[in-house]
């Protein structure tokens, strides 16, 4: 999400989490339910700090990476890591990529946003990409780091623009079923979504760069951000939000027969009250639920609170495919994984 117009409201506005203004906190691990928009605590009883995050499933364990906002808007802590075997109960594994591990310009008054991690089976390295920025969002580069462990610590390898000098902002990673990996991000000052195939190490773009073959302008001049890709029955899908800063807006779901397009921008998949606000959330990740052949996915969104970013909440909802209506996202006050028809 582009934040430059909201820095003044966000900086210094992050007291440590309390129960906030939505009532009771989600109780874990005994509850074993999702309560979208409520405080979510880890196994130590502390509110989870994994904003703008994503999940890696590796060796039977889910790892949730995200922005740690306990000290406010800027990059003063880094990217956190949590682990779980059931998606309900999360253990804090510490800081995967510390603020001190990136160049000085991206620390303190800079930002580290939307960290995502994939595993490279060939190199046996865990690869983290994130949006690094500074100086009023004028830098907008990709930070790439690696680790031998999913919990880190990650070591920064580079920070650069994957394609020319175009901006690299809200981002995600996608590992395809053939083993190829892609970085998907808001470019051209958020006007266009880029999709870039990565090299064999997943540490940079595949070279030589050839538009239409190794990278594409997937959704040009539509002003989309917060990309969240997934695949269903050989077709590719991409959740995105509009560019309204911290304020929620209507999501859109694009689709393509090939990861490099052409992409068709579809409608808002949300239905019901507050659908035009994506249930007061912004997309960050879509997690496939195994064993659900007709299309079961978990939508992950952030409910941002710019006046107190540490108290931003998580909106996780079931996201399913119906042969008649296509993909639809509906609100659930409380739900559990049995909604997908079988235990995880």
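Tally the residues that are over 15 Å from residue 258 (Cα atoms) and buried (at least 20 other Cβ atoms within 10 Å of the Cβ), restricting the search to the stretch 164-189. Give the steps one after another, and end with the answer.
Residues of the stretch 164-189 that are over 15 Å from residue 258 (Cα atoms), as a first pass: 164-173, 185-189.
If we keep only those that are buried (at least 20 other Cβ atoms within 10 Å of the Cβ) too, we end up with 167-173, 185-187.
Total satisfying the criteria: 10.
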Pick out the one residue from 289, 259, 264 that is touching a residue at least 24 places away in the same chain (Cβ under 8 Å) and out of contact with any helix residue (DSSP H, G or I) (no Cβ under 8 Å at 6 or more places or on another chain).
259
Do we find a residue being in a strand (DSSP E or B), within 19 Å of residue 228 (Cβ to Cβ) and in contact with a strand residue (DSSP E or B) (Cβ under 9 Å, 6 or more places away or on another chain) anywhere in the stretch 91-98?
no
Which of the residues spanning the stretch 232-252 are farther than 23 Å from residue 212 by Cβ and assigned to a loop (DSSP other than H, G, I, E, B)?
233, 242, 243, 244, 245, 246, 247, 248, 249, 250, 251
Taking the stretch 36-75 and keeping residues touching a helix residue (DSSP H, G or I) at 6+ places or on another chain (Cβ under 9 Å), farther than 24 Å from residue 184 by Cα and buried (at least 19 other Cβ atoms within 10 Å of the Cβ) leaves 39, 47
Here the residues within the stretch 200-211 that are surrounded by fewer than 14 Cβ atoms within 10 Å (Cβ to Cβ) and either within 18 Å of the chain's Cα centre (by Cα) or over 20 Å from residue 224 (Cβ atoms) (or both) are 200, 207, 208, 210
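Can you say whether residue 121 is within 24 Å of residue 236 (Cβ to Cβ), surrounded by fewer than 19 Cβ atoms within 10 Å (Cβ to Cβ) and either touching a helix residue (DSSP H, G or I) at 6+ places or on another chain (Cβ under 8 Å) or at pLDDT 95 or above (or both), as far as the supplied structure shows? Walk me through how you get there before you give the answer.
On the way: within 24 Å of residue 236 (Cβ to Cβ): yes; surrounded by fewer than 19 Cβ atoms within 10 Å (Cβ to Cβ): yes; either touching a helix residue (DSSP H, G or I) at 6+ places or on another chain (Cβ under 8 Å) or at pLDDT 95 or above (or both): yes.
Yes.
The values are calculated or read from the model by the stated rules, or taken from the named source; none is laboratory data. Predicted, not measured: the structure shown is a model, and the values here were computed from it. Methodologically, a virtual Cβ is constructed for each residue, glycine included, from the backbone with ideal geometry; neighbour enumeration extends over all protein chains shown.
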